[in-house]
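Visitor: Pasting in a structure now, in structure tokens, and then I'll have a few things to ask.
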Amino acid sequence: MIAQAKGRPAKRFKMVLEYDGTRYSGWQKQADARTIQGTLLAAAAGIFEGGIDIQGNGRTDAGVHALHYVAHLEAGTQLPPEIIRKEFNRLLPADIMVMEVENCHPRFHARHSCVGRSYLYRISRRKTVFARKYVWWVEDPLEAGAMAEAADLFRGMHDFVSFAEKPELKKSTQVLINASRLHEEDDLISFRVVGSHFLWKMIRRMTGILVEVGRGNLGVAEVEAILRTPTDVPARFTAPPSGLFFEHAFYDQKEFEAFLAEINAGP
């Protein structure tokens, strides 16, 4: 631990992380499981004295990865952001990295201040040795055109009750999806979905339904029906977490709108 004077007033920092979620039971700290938040808090205890708080922009499921995940740190310290970043990376395991640390307003909140989030799901058409932890290998032939047509149905405001896990049913299951696009390149099919928030397991179930469309087991009209009428069909086809990445968190409305314009105008 770097020597610090006691009694420092708490300061808030914005942190940008990337992590491989394979070994972790999701973001949220748990008493009996290894998590991203818990691992960060353990590292922070080796850097700071006194109370420490780390909050993320949302929870990710067990096994899900992150490319640009934002959290905020609150600690009583006079250490500059770059030293904090280096100290975290010295103490963290190799599958979690702090990419940026910066001073932020005391009222900045990683979750409440976030105006938009994007996720990326990667499906491989072939068995891959080196990327196996980061894709879902689907052996069956997939019709990407039909999948893209079905993915477009998710865009807009819908009740995603059919895609929600039971605990989520205690709150609103209405979600606005700003972008839902499928892109095919060589052996890789990428599904990107953007919105203000998402329900637990929602994106993995959306992906599972798209794969069933690609396999020819579901039609576009059946996906429309799933969006209109509550059903447990999506739960039966929940995609594995390995292919899912939290892609980006947005805190500036203009930046978010520019990202959406680019995605919705893409190929």
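Visitor: For M99, which sequence-distant residues (separation of 5 or more, or a different chain) have an amide H within less than 5 Å of its own amide H, given hydrogens modelled in the peptide plane?
Guide: The answer is V16, L17, E18.
Visitor: Determine one quarter of the surface area of the Cα convex hull of region 200-251, which equals its mean projected area, and express it in nm² to one decimal.
Guide: 4.7
Visitor: Show that you can apply the helix-only estimate: for the chain, add -39,500 (n - 2.57) for every DSSP H stretch of four or more residues, divide by all residues, and state [θ] at 222 nm to the nearest 500.
Guide: That comes out to -7500 deg cm²/dmol.
Visitor: Got a sec to turn the phi values of region 188-195 into Karplus ³J(HN,Hα) couplings, 6.51 cos²θ - 1.76 cosθ + 1.60 with θ = phi - 60°, whole Hz, x for Gly and Pro?
Guide: 10, 10, 10, 10, 10, 10, 10, x
Visitor: For region 11-103, what is the convex hull volume of the alpha-carbon atoms per residue, in Å³?
Guide: In region 11-103, the Cα convex hull volume per residue is 83 Å³.
Visitor: Continuing with the same structure: Please give the net charge around G58, taking every other residue with its beta carbon less than 10 angstrom from that of G58, where Lys and Arg add +1 and Asp and Glu add -1.
Guide: +3
Visitor: Okay, moving on. In percent, how large is the relative contact order of region 11-103, given Cα pairs closer than 8 Å and 6 or more residues apart?
Guide: Answer for region 11-103 is 43 percent.
Visitor: For the ranges 202-210, 55-63, what's the packing order if you count other beta-carbon atoms within 10 Å of each residue, average per peptide, and put the highest first?
Guide: Order by mean packing, descending: 202-210, 55-63.
Visitor: If you don't mind, there's one more thing I want to ask. Once you have the Kirkwood Rh of region 95-151 from its Cα pairs, apply Stokes-Einstein at 4 °C and 1.567 mPa s and quote D in µm²/s.
Guide: 83
Visitor: Quick one: of K14/K127; K14/K254; K11/K133; K11/K86; K133/K201; K29/K86, which pairs are farther than 28 Å apart, Cα to Cα?
Guide: Going by Cα-Cα distance, K14/K127; K11/K133 fall outside the 28 Å limit.
Visitor: Over its Cα atoms, what ratio of radius of gyration to 2.2 N^0.38 Å does the chain give?
Guide: 1.08
Visitor: For the residues D32, D95, what sequence is obtained by ranking on other C-beta atoms within 10 Å, fewest first?
Guide: Starting with the residue having the fewest Cβ neighbours, the order is D32, D95.
Taken together, the values in this text are just the output of simple stated rules run on the coordinates, not laboratory data. Fair warning: this is a prediction, and the values are worked out from it, not measured in the lab. Using ideal geometry, Cβ is built from the backbone for each residue, glycine included, and neighbour counts are taken over all protein chains shown.
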